[in-house]
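Asker: Got a structure here, written out as structure tokens. Questions coming.
The values are calculated or read from the model by the stated rules, or taken from the named source; none is laboratory data. Because the structure is predicted, anything quoted here is derived from the model rather than measured. Cβ placement follows ideal geometry from the backbone for every residue including glycine, while neighbour counts extend to all protein chains displayed.
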Amino acid sequence: MDFISTALVTISQPTGFWETILNAFRGATGTYIMAVILLALIVRILFALVDIINKKVNMKNSDLNAKMRPELEAIQKRYGHDQRLLQQKTNEIYKKYQFSMLGSCLPMLITMALQLTVFLTLWNSLQAVSNFNIVNQYENMKDLYANVIYLNENDDDPSVAHIKDTITSHIETETPYTIDAEIDIEANQLVITITDESGNDVSRIDFNPAIENNEIYRLIAQYVGLPTDENPDDSEQPAEEGMVEQTDETVEEQPEEPTEPQLPTYEYIDTGFNEIFKTLAERSVEEYYKNTQEGFLWIKNIYKPESPTSPLFTKSEIENYMSRYYTEEERVEEENFDYEGRIFDNVVAGIDTQALGLNGYYILTIIAVISSFLSIWLSNKLMQKKGEPKQAGGKLMYFIMPIIIGIFTFMYTSLFAIYLIVGQLVMIALTPLTTWIVRKWIEADAKKKKEKDVIEVDYRRKDM
């Protein structure tokens, strides 16, 4: 028998390049946090290799610019009045020093395009993974809630009857007891345990109930008391003052108005155990949420932004995430009846949001901004030679990227914020090493060129 299904739609795990890698890393490490940290390390190390080539081109161009600068300034003073002639002389100097404007910019443009692509695609993938995990956790909470209150009506099952008899006997004899429920997703079971005052299990039963999809709404309406929108009978409403009574002929001429869809209503049924199972469902959902919530350091929920708000997902977030899976027919149905919103209010009703605390204090945003600034500053500091003038607009870059990084860490999932911070820290650690490698590479090229020039000179002398 299948476990009770309460999903209004079938959700599916996001698939894609980054999602596949993240899920593989999560399978190996056990958590998405470690998967993101591992991914950030690998991506930054790969970018460090690309950065070595980019820095070499930049440093080579910087040396050429330093050599060409006196000549460029000279022709600027001499031919500044004639732009055509100035451009011609400039091109001659570029050719003399074998300098290409396109060649100097191309590696940087390729690197920037690659970094931007990785940044945006990873952000989108991590947001999709976070949304899925939030919805998946909520769906499991909904399953647990529905299965517990489903026991209230399932008298045909001997196990359910046994539970109710046990509860009744404890109530009649005024014997203290506790009843707990938990969901075993892998085993596809609901486990009910009744414990006496000594802590001994009086009854432990595993259930595999079967029920039609979407029955959670009926269960909540019948046994918990879900508010419904009941429209009064139009025929009983008095006619408005000044309204002319219509004849049969007039009625025939009037076009038939479309009937608005009506929210299904269910009669409230009190089995005598409603409050017991409602309280059990709420408490079980709260325990499940606490036990399955994924946090990191001071962050309670890694799938939400790190901010001084509740780590619990909101109704609007659930409805927004779930709507992406709706068909057009389901979308219209939700707009008319708000099934998911009505169910949500009952499922999370027992969770003490105050006790959950806050999801953070914008610490990730602050760290991300500072680490981004330090990364840019250190890279420019190590690349710049003594006495070399600073590039125009260089100071602006110290603030543009940190602000962009800050916005993304402030607004979106903590997983992406952690990825950015780890990446920036790795970049800061690798910058001295990549700069040293580039300088040694340039020195080796210069030495080879010098040796080649000496050989060519000696060769010409022998011919003479």
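Asker: Considering only residues that are assigned to a loop (DSSP other than H, G, I, E, B) and loosely packed, with under 13 Cβ neighbours inside 10 Å, look in the stretch 4-19 and name the one that is modelled with the lowest pLDDT.
Answerer: Filtering the stretch 4-19 for residues that are assigned to a loop (DSSP other than H, G, I, E, B) and loosely packed, with under 13 Cβ neighbours inside 10 Å, the one modelled with the lowest pLDDT comes out as THR10.
Asker: Being over 50 Å from the mean Cα position of the chain (by Cα), surrounded by fewer than 11 Cβ atoms within 10 Å (Cβ to Cβ) and either part of a loop (DSSP other than H, G, I, E, B) or not polar (S, T, N, Q) (or both), is that true of even one residue in the stretch 95-115?
Answerer: Yes; the residues of the stretch 95-115 include at least one that is over 50 Å from the mean Cα position of the chain (by Cα), surrounded by fewer than 11 Cβ atoms within 10 Å (Cβ to Cβ) and either part of a loop (DSSP other than H, G, I, E, B) or not polar (S, T, N, Q) (or both).
Asker: Within the stretch 382-395, take every residue that is modelled with pLDDT of 60 or more and assigned to a helix (DSSP H, G or I) and give me the one that is farthest from MET59 (Cα to Cα).
Answerer: Checked the stretch 382-395; the qualifying residue farthest from MET59 (Cα to Cα) is LYS395.
Asker: List every residue pair whose Cβ atoms sit under 6 Å apart, with the two residues 6 or more apart in sequence or on different chains, where the first one lies in the stretch 412-438 and is more than 30 Å from SER130 (Cα to Cα) and the second, anywhere, is of a type in the set (D, E, K, R) and surrounded by fewer than 20 Cβ atoms within 10 Å (Cβ to Cβ).
Answerer: VAL438/LYS56
Asker: Going by the structure shown, is SER316 over 15 Å from the mean Cα position of the chain (by Cα), small (Gly, Ala, Ser), outside any loop (DSSP other than H, G, I, E, B) and within 23 Å of TYR362 (Cα to Cα)?
Answerer: yes
Asker: Cβ-Cβ below 8 Å, separation at least six or inter-chain, first residue in the stretch 75-94 and closer than 17 Å to LEU64 by Cβ and in a helix (DSSP H, G or I), second at pLDDT 75 or above and of a type in the set (S, T, N, Q): which pairs?
Answerer: Listed by first residue and then by second, the contacts come to ILE75/THR90.
Asker: So SER125 passes all but one of these: (1) surrounded by fewer than 20 Cβ atoms within 10 Å (Cβ to Cβ); (2) touching a residue at least 60 places away in the same chain (Cβ under 8 Å); (3) closer than 17 Å to LEU22 by Cα. Which condition number does it fail?
Answerer: The number of the failed condition is (1).
Asker: Same structure, new question: Quick check on my filter: what residues within the stretch 297-314 are within 7 Å of ASN359 (Cβ to Cβ) and either surrounded by fewer than 17 Cβ atoms within 10 Å (Cβ to Cβ) or of a type in the set (Val, Ile, Thr) (or both)?
Answerer: Scanning the stretch 297-314 gives ILE299, THR309.
Asker: Only one of GLY272, GLY341 is at pLDDT below 90 and touching a helix residue (DSSP H, G or I) at 6+ places or on another chain (Cβ under 8 Å). Can you tell me which?
Answerer: Unique residue meeting the criteria: GLY341.
Asker: Check GLY360 against each of (1) touching a Phe, Trp or Tyr at 6+ places or on another chain (Cβ under 8 Å); (2) under 30 Å from ASP165 (Cα atoms); (3) outside any helix (DSSP H, G or I) and name the one condition it does not meet.
Answerer: Failed condition: (2).
Asker: Same structure again: Filter the stretch 60-78 for residues that are among the basic types (Lys, Arg) and under 52 Å from the mean Cα position of the chain (by Cα); which is surrounded by the most Cβ atoms within 10 Å (Cβ to Cβ)?
Answerer: The selected residue is LYS60.
Asker: Being surrounded by 15 or more Cβ atoms within 10 Å (Cβ to Cβ) and at pLDDT below 60 is the filter; apply it to the stretch 195-227 and report the residue that is farthest from THR175 (Cα to Cα).
Answerer: Among them, the one singled out is ILE211.
Asker: Take the conditions under 43 Å from the mean Cα position of the chain (by Cα) and over 21 Å from MET401 (Cα atoms) and apply them to VAL57. Does it pass?
Answerer: Considered against the rule, which asks whether it is under 43 Å from the mean Cα position of the chain (by Cα) and over 21 Å from MET401 (Cα atoms), VAL57 comes out as yes.
Asker: Going through the stretch 396-412 one residue at a time, which ones are part of a helix (DSSP H, G or I) and of a type outside the set (A, V, I, L, M)?
Answerer: Result: TYR398, PHE399, PRO402, GLY406, PHE408, THR409, PHE410.
Asker: I've got another one for you. Limited to the stretch 325-365, what total is found for residues that are among the acidic types (Asp, Glu) and more than 26 Å from ALA281 (Cα to Cα)?
Answerer: 5
Asker: How many residues, within the stretch 324-362, are touching a Lys or Arg at 6+ places or on another chain (Cβ under 7 Å) and over 25 Å from THR10 (Cβ atoms)?
Answerer: 4
Asker: Within the stretch 345-358, identify whether any single residue is within 27 Å of LEU263 (Cα to Cα), of a type in the set (A, V, I, L, M), crowded, with 17+ Cβ neighbours inside 10 Å and touching a helix residue (DSSP H, G or I) at 6+ places or on another chain (Cβ under 6 Å), and answer yes or no.
Answerer: Yes: the stretch 345-358 contains one or more residues that are within 27 Å of LEU263 (Cα to Cα), of a type in the set (A, V, I, L, M), crowded, with 17+ Cβ neighbours inside 10 Å and touching a helix residue (DSSP H, G or I) at 6+ places or on another chain (Cβ under 6 Å).
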